[in-house]
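J.: Could you have a look at this structure, given as structure tokens, before my questions?
The values are calculated or read from the model by the stated rules, or taken from the named source; none is laboratory data. Predicted model only: the values in this text are computed from it and were never measured. In this analysis, Cβ positions are derived from the backbone assuming ideal geometry, glycine residues included, and neighbour counts consider all displayed protein chains.
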């Protein structure tokens with residue numbers, strides 16, 4: 001009876017300290033998410049060290065509170081100043097900002113908040129129902145399947161990264177190398193340490209993600225860090241008429257399902273989910289011309305999709321050990337630090353932790369609603385914090401955060417190195433996220449690949465003999481070949497057209 | 001109509017300015033990958049332990065996946081170098097230097113972070129953080145159009161607030177001692 005386990009874990013988790021931590025996480029998440037230039041990934045990365053001293057269960061409450069609240073926080077700046085706090089809030093500004101300009105900014109934020117909560121709860125329900133099914137399938141997996149899943153995840157995540165797929169795959173390979181730094185787990189041989197002792201402990205996922213998603217963004221924004229002249233509207237009425245709010249339930253449910261299912265696909269990401277949810281609403285609406293002028297459904301659908309995507313993105317991470325996007329990659333890094341490796345074995349070895357995640361997500365959603373409503377009037381004050389103050393504070397948080405994992409100054413230098421690397425890669429339009437995916441999935445790929453070859457006595461046929469492994473292998477080949485096939489088909493098509501017109 | 005359509009296809013694929021920018025980015029991306037690959041190959045090929053490692057059964061060894069990854073980076077780097085080599089024509093060192101100068105604040109920011117890390121064992125993290133944040137807040141406030149005196153006050157008080165926040169949260173509550 002998963003529902004009984006869920007409620008008993010929820011009751012266990014509801015302690016004054018856990019609630020205080022959840023409230024703190026939500027408050028920080030809303031503030032950071034609302035600040036333009038601070039993405040949910042960055043918010044989670046810089047607040048990760050705060051969770052190190054906490055118990056596993058309390059840490060996950062804190063991290064999920066930051067995650068959920070920053071997703072909602074992203075819509076605040078989109079609605080009030082037409083600058084999305086997070087990339088997934090881009091669609092919310094289409095109708096949120098016009099509604100805010102018409103003097104209904106409080107209502108727009110309330111629509112966003114309520115739909116976020118509904119979407120989050122539906123996403124959680126889908127996670128609770130889908131995860132055991134996927135786990136029962138994944139329990140049949142052996143080393144070849146896990147090796148192929150890791151390779152597939154890596155290719156898929158590289159494929160969907162911003163910029164070129166081929167660049168994504170190359171960066172994924174750099175991530176694999178980064179994951180190999182230190183001692184090899186099977187032979188104890190040092191790799192990529194350059195003969196020194198500084199890198200013998202390997203590269204931890206936290207300095208890498210804090211550098212790539214925290215410091216690199218600070219470096220990008222530091223030369224353009226003045227938001228003094230933003231005109232932030234005053235919030236008057238907060239709660240929208242109940243009848244009007246309830247009339248949007250269909251959009252909320254539709255958006256939530258889109259968000260949860262798209263979010264569950266590794267690499268699809270919440271930005272894709274919100275775009276699909278919005279387009280779907282426009283298509284189904286009897287008055288599509290209303291969209292873009294401040295219509296309620298235009299806020300409700302993408303926001304519920306965005307929030308439902310949180311639960312959805314946790315499905316591949318929890319069941320298969322594949323991070324669905326950059327935020328879950330950071331979250332997975334946090335779980336690894338707390339000694340928990342996501343994947344099917346987590347459900348067998350730590351079932352109480354799994355229900356703890358569900359309960360923590362539930363608490364985070366409810367707290368986001370409560371604190372979000374209470375802070376609606378004062379959120380405008382947060383928006384007035386000059387970006388330059390945040391950029392300095394975040395840089396210092398990155399330093400303390402990188403240090404705090406192992407109390408090592410080497411990790412701080414590693415963080416600065418990856419910050420600079422991320423900055424250069426952003427300039428060259430090279431996707432940075434596959435680097436983190438490579439670091440996380442690399443050890444899983446290498447361990448299972450080598451184990452498979454040892455068991456099969458060096459035969460690669462084992463990957464073809466097993467149906468799931470074969471299916472994944474074919475999918476990998478198709479995804480790698482896609483960037484080469486697409487221009488080929490295009491050129492054949494245009495040549496045919498040319499021959500047809502000018503025989 | 002067909003001509004217009006064909007022309008449209010041409011402009012989409014052969015916009016000279018966009019094409020030049022893309023190939024210049026490809027060239028730099030190729031250089032970036034080649035540098036990463038060179039560093040990786042250097043470490044891999046000079047690693048004596050890899051050759052002498054005790055390998056069990058049919059284990060392909062600790063260098064197997066590393067080699068595959070390095071080949072991917074090398075091949076990709078060469079590919080992008082060749083793809084972007086067209087943009088080399090007409091390129092001036094002066095223009096490269098000018099575009100690099102656009103990033104001077106970011107470079108200075110990184111340098112100051114490294115200086116901060118070096119200073120930590122000497123004067124402690126909180127003092128170093130205060131110096132770092134007051135310098136940058138002063139500088140960025142001037143850039144944002146504040147007067148010198150106003151910027152100095154703003155930088156001083158904000159830096160004190162930031163340092164108190166860091167001390168209370170990380171040193172006092174979380175017991176993280178960076179000194």
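For every residue, the table says whether it meets (1) surrounded by fewer than 19 Cβ atoms within 10 Å (Cβ to Cβ); (2) facing another protein chain (nearest Cβ under 9 Å).
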{"site": "A:137", "(1), (2)": "yes, no"}
{"site": "A:142", "(1), (2)": "yes, no"}
{"site": "A:147", "(1), (2)": "no, no"}
{"site": "A:152", "(1), (2)": "no, no"}
{"site": "A:155", "(1), (2)": "no, no"}
{"site": "A:176", "(1), (2)": "no, yes"}
{"site": "A:206", "(1), (2)": "no, no"}
{"site": "A:211", "(1), (2)": "no, no"}
{"site": "A:217", "(1), (2)": "no, no"}
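J.: All but one of (1) under 10 Å from residue A:210 (Cβ atoms); (2) more than 9 Å from chain B (Cβ to nearest Cβ); (3) surrounded by 24 or more Cβ atoms within 10 Å (Cβ to Cβ) hold for residue A:399; state the number of the condition that does not hold.
T.: (2)
J.: Suppose the filter is within 14 Å of chain B (Cβ to nearest Cβ), farther than 28 Å from residue A:33 by Cβ and in contact with a strand residue (DSSP E or B) (Cβ under 9 Å, 6 or more places away or on another chain); does residue A:183 pass it? Give the derivation first.
T.: Numbers: within 14 Å of chain B (Cβ to nearest Cβ): yes; farther than 28 Å from residue A:33 by Cβ: yes; in contact with a strand residue (DSSP E or B) (Cβ under 9 Å, 6 or more places away or on another chain): yes.
So residue A:183 passes the test.
J.: Could you tell me whether any residue of region A:369-387 is within 11 Å of chain B (Cβ to nearest Cβ) and part of a helix (DSSP H, G or I)?
T.: Going through region A:369-387, the residues within 11 Å of chain B (Cβ to nearest Cβ) turn out to be A:385-387.
Filter once more, keeping what is part of a helix (DSSP H, G or I): A:387.
The answer is yes; a qualifying residue exists.
J.: For region B:36-69, enumerate the residues that are more than 7 Å from chain A (Cβ to nearest Cβ), crowded, with 21+ Cβ neighbours inside 10 Å and at pLDDT 90 or above.
T.: Answer for region B:36-69, where residues must be more than 7 Å from chain A (Cβ to nearest Cβ), crowded, with 21+ Cβ neighbours inside 10 Å and at pLDDT 90 or above: just B:37.
J.: Might you check whether a residue that is part of a helix (DSSP H, G or I), surrounded by fewer than 20 Cβ atoms within 10 Å (Cβ to Cβ) and under 19 Å from the mean Cα position of the chain (by Cα) occurs anywhere in region A:326-349?
T.: Yes.
J.: Could you grab me the full set of residues in region B:165-176 that are exposed (fewer than 14 other Cβ atoms within 10 Å of the Cβ) and at pLDDT below 75?
T.: Applying the first criterion (exposed (fewer than 14 other Cβ atoms within 10 Å of the Cβ)) to region B:165-176 yields B:165, B:168, B:172-173, B:175.
Residues satisfying the conditions are B:173, B:175.
J.: A further question follows. Do we have residue B:16 as modelled with pLDDT under 65 and surrounded by fewer than 18 Cβ atoms within 10 Å (Cβ to Cβ) here? Give the steps one after another, and end with the answer.
T.: On the way: modelled with pLDDT under 65: yes; surrounded by fewer than 18 Cβ atoms within 10 Å (Cβ to Cβ): yes.
Yes: the conditions hold for residue B:16.
J.: OK, next. Could you check, for region B:121-139, whether at least one of its residues is touching a helix residue (DSSP H, G or I) at 6+ places or on another chain (Cβ under 6 Å), in a helix (DSSP H, G or I), at pLDDT below 90 and within 11 Å of another protein chain (Cβ to nearest Cβ)? Spell out the reasoning first.
T.: Applying the first criterion (touching a helix residue (DSSP H, G or I) at 6+ places or on another chain (Cβ under 6 Å)) to region B:121-139 yields B:126, B:128-130, B:132-134, B:136-138.
Restricting the remaining residues to those that are in a helix (DSSP H, G or I) gives B:126, B:128-130, B:132-134, B:136-138.
Now restrict to residues that are at pLDDT below 90: none.
No, because not a single residue in region B:121-139 is touching a helix residue (DSSP H, G or I) at 6+ places or on another chain (Cβ under 6 Å), in a helix (DSSP H, G or I), at pLDDT below 90 and within 11 Å of another protein chain (Cβ to nearest Cβ).
J.: Could you check region A:384-396 and list, in sequence order, the residues that are buried (at least 24 other Cβ atoms within 10 Å of the Cβ), over 20 Å from the mean Cα position of the chain (by Cα) and in contact (Cβ under 8 Å) with a residue 40 or more places away in the chain?
T.: Answer for region A:384-396, where residues must be buried (at least 24 other Cβ atoms within 10 Å of the Cβ), over 20 Å from the mean Cα position of the chain (by Cα) and in contact (Cβ under 8 Å) with a residue 40 or more places away in the chain: A:388, A:391, A:395.
J.: Going by the structure shown, is residue B:169 assigned to a helix (DSSP H, G or I), within 9 Å of chain A (Cβ to nearest Cβ) and closer than 18 Å to residue A:50 by Cβ?
T.: Details: assigned to a helix (DSSP H, G or I): yes; within 9 Å of chain A (Cβ to nearest Cβ): yes; closer than 18 Å to residue A:50 by Cβ: yes.
Yes; evaluated as a whole, the condition is true for this residue.
J.: Quick one: which of A:486, A:490 is more than 12 Å from chain B (Cβ to nearest Cβ), farther than 22 Å from residue B:65 by Cα and more than 24 Å from the chain's Cα centre (by Cα)?
T.: On the way: A:490 fails: more than 12 Å from chain B (Cβ to nearest Cβ).
After applying the criteria, what remains is A:486.
J.: Go through region A:430-470 and count every residue that is in contact (Cβ under 8 Å) with a residue 12 or more places away in the chain and in a helix (DSSP H, G or I).
T.: Of the residues in region A:430-470, 25 are in contact (Cβ under 8 Å) with a residue 12 or more places away in the chain and in a helix (DSSP H, G or I).
J.: Where in region A:1-53 are the helices (runs of 4 or more DSSP H), entirely inside, with at least 3 residues that are in contact with a helix residue (DSSP H, G or I) (Cβ under 7 Å, 6 or more places away or on another chain), farther than 24 Å from residue A:90 by Cβ and in contact (Cβ under 8 Å) with a residue 60 or more places away in the chain?
T.: Counting at least 3 such residues, we get A:2-13, A:16-34.
J.: Would you point out the residue of region A:422-438, among those that are at the interface with chain B (Cβ under 10 Å from one of its Cβ atoms) and farther than 18 Å from residue B:108 by Cβ, that is farthest from the chain's Cα centre (by Cα)? Step through it out loud before you land on a result.
T.: Within region A:422-438, the subset at the interface with chain B (Cβ under 10 Å from one of its Cβ atoms) is A:423-425, A:427-430, A:438.
From what is left, the residues that are farther than 18 Å from residue B:108 by Cβ are A:425, A:428-430, A:438.
Details: A:425: 20, A:428: 23, A:429: 20, A:430: 19, A:438: 16 Å.
Out of the qualifying residues, it is A:428.
J.: Oh, and also: Filter region A:52-83 for residues that are crowded, with 24+ Cβ neighbours inside 10 Å and more than 14 Å from the chain's Cα centre (by Cα) and give the result. Please lay out each step first, then the result.
T.: Taking region A:52-83 first, the residues crowded, with 24+ Cβ neighbours inside 10 Å are A:60-80.
Across region A:52-83, the qualifying residues are A:60, A:61, A:62, A:73, A:75, A:76, A:77, A:78, A:79, A:80.
J.: Condition check: touching a residue at least 40 places away in the same chain (Cβ under 8 Å) and at the interface with chain B (Cβ under 8 Å from one of its Cβ atoms). Does residue A:406 satisfy that? Reasoning before the result, please.
T.: Numbers: touching a residue at least 40 places away in the same chain (Cβ under 8 Å): yes; at the interface with chain B (Cβ under 8 Å from one of its Cβ atoms): no.
It is false that residue A:406 is touching a residue at least 40 places away in the same chain (Cβ under 8 Å) and at the interface with chain B (Cβ under 8 Å from one of its Cβ atoms).
J.: Just give me the residues in region A:186-201 being within 13 Å of chain B (Cβ to nearest Cβ) and either at pLDDT below 85 or assigned to a loop (DSSP other than H, G, I, E, B) (or both), in sequence order. Full working, then the answer.
T.: Pass one, region A:186-201, residues within 13 Å of chain B (Cβ to nearest Cβ): A:186-196, A:199-200.
Passing the criteria: A:186, A:187, A:188, A:189, A:192, A:193, A:194, A:195, A:196, A:199, A:200.
J.: Here is a follow-up. Which numbered condition in (1) at pLDDT 90 or above; (2) more than 10 Å from chain B (Cβ to nearest Cβ) is the only one that residue A:390 fails?
T.: Result: residue A:390 fails condition (1) only.
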